[in-house]
Structure formats: C-alpha cells, structure tokens
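The values are calculated or read from the model by the stated rules, or taken from the named source; none is laboratory data. Fair warning: this is a prediction, and the values are worked out from it, not measured in the lab. Here the Cβ positions follow ideal geometry from the backbone for every residue, glycine too, while neighbour counts run over all protein chains shown. When the accessible area is computed, the model is the full protein with side chains, heavy atoms only, and any ligands, DNA or RNA have been set aside. Shrake-Rupley method; radii C 1.70, N 1.55, O 1.52, S 1.80 Å.
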Amino acid sequence: MKEKVQEALNLVRPALQADGGDVELVDVTEDGIVSVKLTGACGSCPMSTMTLKMGIEKTLKERIPEVKEVVQV
C-alpha cells in the first residue's frame, strides 16, 4: 500500500510545490493510518491542517479505500 500512497501523493505534490511547499511520506500503518510531513512553506502555513485534511487526505481516501486517516508528524 505504501507505493499506492506515494503515487497518490505525487498527484497533489505539484499544487503544494506551486505554493513553495511539499509533502513527504513518513509511514503507512497496516490499519490505514498515513503519516506525512509537510515541508517548506506548507510546514509553517496556518492553513496546513486544511491542506492536510481537505486536500491530501481526501485525495488519498478517494484513490486508496484502505486509507483511514492522514496525520501530520
């Protein structure tokens, strides 16, 4: 599943990079919890929680039904 998650993150990455940020995959657990690290401008942005939940998590859940939650570490 980790490869699928990385592929899906590659789809949202250009939008993050356009704003000076990026996302790094940290871990994927067997129970569907994906840990990511927002870097660059995204790491300190006050809207990062919304980006995480409404952008990254939504995209991953749509593409990979096994994903239950995305958390920032």
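For the reader, a short list of remarks on this structure follows.
- Hey, LEU9 open to solvent by less than 80 Å² (accessible area, probe 1.4 Å) and either touching a Gly at 6+ places or on another chain (Cβ under 8 Å) or without any contact (Cβ under 8 Å) to a residue 24 or more places away in the chain (or both) or not: no
- Counted as qualifying within the chain are the helices (runs of 4 or more DSSP H) with 3 or more residues that are of a type in the set (S, T, N, Q), namely 2-18.
- Residue match in segment 40-50 (condition: within 21 Å of MET1 (Cα to Cα) and either open to solvent by 40 Å² or more (accessible area, probe 1.4 Å) or among the charged types (D, E, K, R) (or both)): no
- Number of residues in segment 26-39 that are farther than 16 Å from LYS68 by Cβ and free of Cβ contacts under 8 Å to residues at least 24 places away in the same chain equals 1.
- Within segment 16-38, the set of residues being of a type in the set (Gly, Ala, Ser) and out of contact with any strand residue (DSSP E or B) (no Cβ under 9 Å at 6 or more places or on another chain) comprises just one member, ALA18.
- Scan of segment 12-29 for residues that are among the hydrophobic types (A, V, I, L, M, F, W, C) and either open to solvent by less than 40 Å² (accessible area, probe 1.4 Å) or in contact with a Cys (Cβ under 8 Å, 6 or more places away or on another chain) (or both), ordered by number: VAL12, LEU16, VAL23, LEU25, VAL28
- From GLY55, GLY32, residue being open to solvent by less than 70 Å² (accessible area, probe 1.4 Å) and over 12 Å from the mean Cα position of the chain (by Cα): GLY32
- Long-range neighbours under 8 Å by Cβ, at least six apart or interchain, first residue touching a residue at least 60 places away in the same chain (Cβ under 8 Å) within segment 50-73, second open to solvent by 70 Å² or more (accessible area, probe 1.4 Å) and of a type outside the set (A, V, I, L, M): ILE64/LYS4; VAL67/LYS61
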